[in-house]
1. So what are the radius of gyration and Dmax for the Cα set of region A:139-269, in Å?
2. What is the P(r) of region B:196-274, as percent of Cα-Cα pairs per 5 Å bin from 0?
3. Work out the mean other chain Cβ neighbour count within 10 Å for the residues of A:8-17 and drop it here as an integer.
4. Which distance in nm do the two modelled labels at residue A:105 and residue B:196 give, with both placed 7 Å along the Cα-to-Cβ direction?
5. Give the residue from A:200, A:171, A:221 lying farthest towards the positive end of the charge dipole for region A:171-237; charges sit on Cβ (+1 for Lys and Arg, -1 for Asp and Glu) and the dipole is referred to the Cα centre.
6. Determine the total buried accessible area between chain B and chain A, counting protein heavy atoms only with a 1.4 Å probe; round to the nearest 100 Å².
7. Bin width 5 Å, alpha-carbon pairs only: give the P(r) of region B:103-154 as whole percents, running from 0 to the bin holding the largest distance.
8. Ignoring any ligand, DNA or RNA, what whole percent of the accessible area of chain A comes from carbon and sulfur when the probe is 1.4 angstrom?
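The values are calculated or read from the model by the stated rules, or taken from the named source; none is laboratory data. Worth saying up front: this structure is predicted, and the values here are computed from it rather than measured. Positions of Cβ are generated from backbone atoms using ideal geometry, with glycine treated the same way; all protein chains shown enter the neighbour counts. Only protein heavy atoms, including side chains, enter the accessible area calculation; ligands, DNA and RNA are left aside. Shrake-Rupley method; radii C 1.70, N 1.55, O 1.52, S 1.80 Å.
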Amino acid sequence: MIRLRPGLLAILLAVLVGVFMLLPLLAVIPVSFTPKRFLSVPEGELSLRHYRTLYEDREWLEGIWLSLRVGLMSAGFATALATFFSLGIWMFRPRFAGVLMGIALLPMVAPPVVSALTLYFFLITLTQMNGVFAYDTMMGVALAHSVMIVPFAVVLVSVSLAQVDRRMDLAARAMGAGLGTRVFKVILPNIKFGVITAFFLTFVLSWEEIAVTIFITSVEAVTLPRLMWQGLRDNIDPAIAAISVVLIVIVTAVVIGRAVFAALKERRV
Amino acid sequence: MTRYFRPMILLAPLLIFLALAYMLPFAGVIGWSFTRPEPGLQNYTAALTDPLILSVFWRTLRICVMVTVISVIMGYILALLWVRGSPLVRTLTELCILIPFWISVLTRAFGWLALLSSRGLLNGWLEGMGVIEDPLRLVRNEFGVIVGMVHFMIPFAVFPLASAMRTVDERVLMAARGMGASRTRVFWQVFVPMTAAGLMGAALLVFVFAIGFFITPAILGGGRSVMVAELIYLRIFQSPDWGLAAAVSVILMVAISALLALLLKQLSPKGGDR
């Protein structure tokens, strides 16, 4: 069958839009090699000093390390909560499933700045009660990030649950398996990949989270995005160009790797 | 009893967590809006009458409308190629959408600074070629905000548009061609109307996202073209006025809930459509 392909004009316009999409990412590369201390395009001389800053400067290392720990904690916690919640909805189909789902997705649909103010209120209230889960602490950030990322984990786990055959669970139940056995021995092994994907995605979301982080940290718990934000607001530090290039290279490698993998798989079938 | 109790073992942890960490604190924020600095409705009257705050609302609305229109048009072009292009074109388009999509909002805002600032690449080229003498002012103003926001929103416009385009039946297009319609006519009179629901969905989604968007406007606007989200930030941390920030947040939340209700209505399948 003949397909109606997009015309030349559409392709031309799309090339322009595609360039628009990639241009700011490419613009970061030359700037990261500037020998100067401020945002500038190198003229002739290139320098790696801003890359060196990334692994010599304690500030950057601590930011990366903090973001890693917060990401692992909040992704683990959020994925666990979301997995049990999605299982509950899937197995028992409770009466107000739609409303319960709506509550679980609330932080995702609310504007980030409203969530940020809400979590700011939450953490300064907690600060009056304890010093661990408090404003401007690692555990406080992890707790706030958990709130923000939990809806995404719920969506992903629910999607992979939707593909599980219910008869399997019914069979297990008919054979006398208890709730624990059904969850851990029957259903969880079948949605393993969904749960792992949820963990991975929520980790990335926490790693990148900035809108809420700005509201709930000041000088102690400075995550990597928070450090970048400071550098962008005041004077523009070219070290941000260097870290940006590193992040862009990682993302590009993963996205292209996935595309190649998908193409190879398609060809084999 | 167990019938009602057992689901709760699984459902309760998340619900309790969100109730304590999100819903209760939001009630607290609503409380602030009525009690700070003193009990009353003065925060809401201020938010809705103070010319300075009103101008922020209007600017937000204006910028969001422009961002929505531009992102949806650009997203439509990309989605078209993503869905209907040849395999190679499809892969290339996918990379143009997915690579920026996965890159953090800060990195993307920085990319625009590197490109558009007075010492950035674009001004460097233009000066080098002798087109301009003084650097153009392209960021830290409304232009920069719109460019950065459009760049951020395009993927969010592409996803609903692409899924609307995938449902278009190829045979209808072929039939129109067979009846003698030109390619342009098939596009405008058959293809575009058939994806109208996707267009509406994409526009609403982008608009809802844009209206509460904080990071890109704050960085690329450079404090000069403040939008609603940055206003809340400034009222919390720079001119401590928590009551007003809370009132503006509540207004924002109400406005966005209304828009989301509209979006859900748009996305829910209509009877007899398919």
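1. 20.7, 67
2. 3, 14, 19, 18, 15, 11, 8, 5, 4, 2, 1
3. 6
4. Inter-label distance under the simple model: 2.6 nm.
5. Result: A:171, furthest along the dipole toward the positive end.
6. Counting protein atoms only, the buried area is about 7900 Å².
7. The distribution over region B:103-154 is 5, 22, 27, 21, 14, 7, 3, given as percents.
8. Whole-percent figure for carbon plus sulfur exposure: 69.
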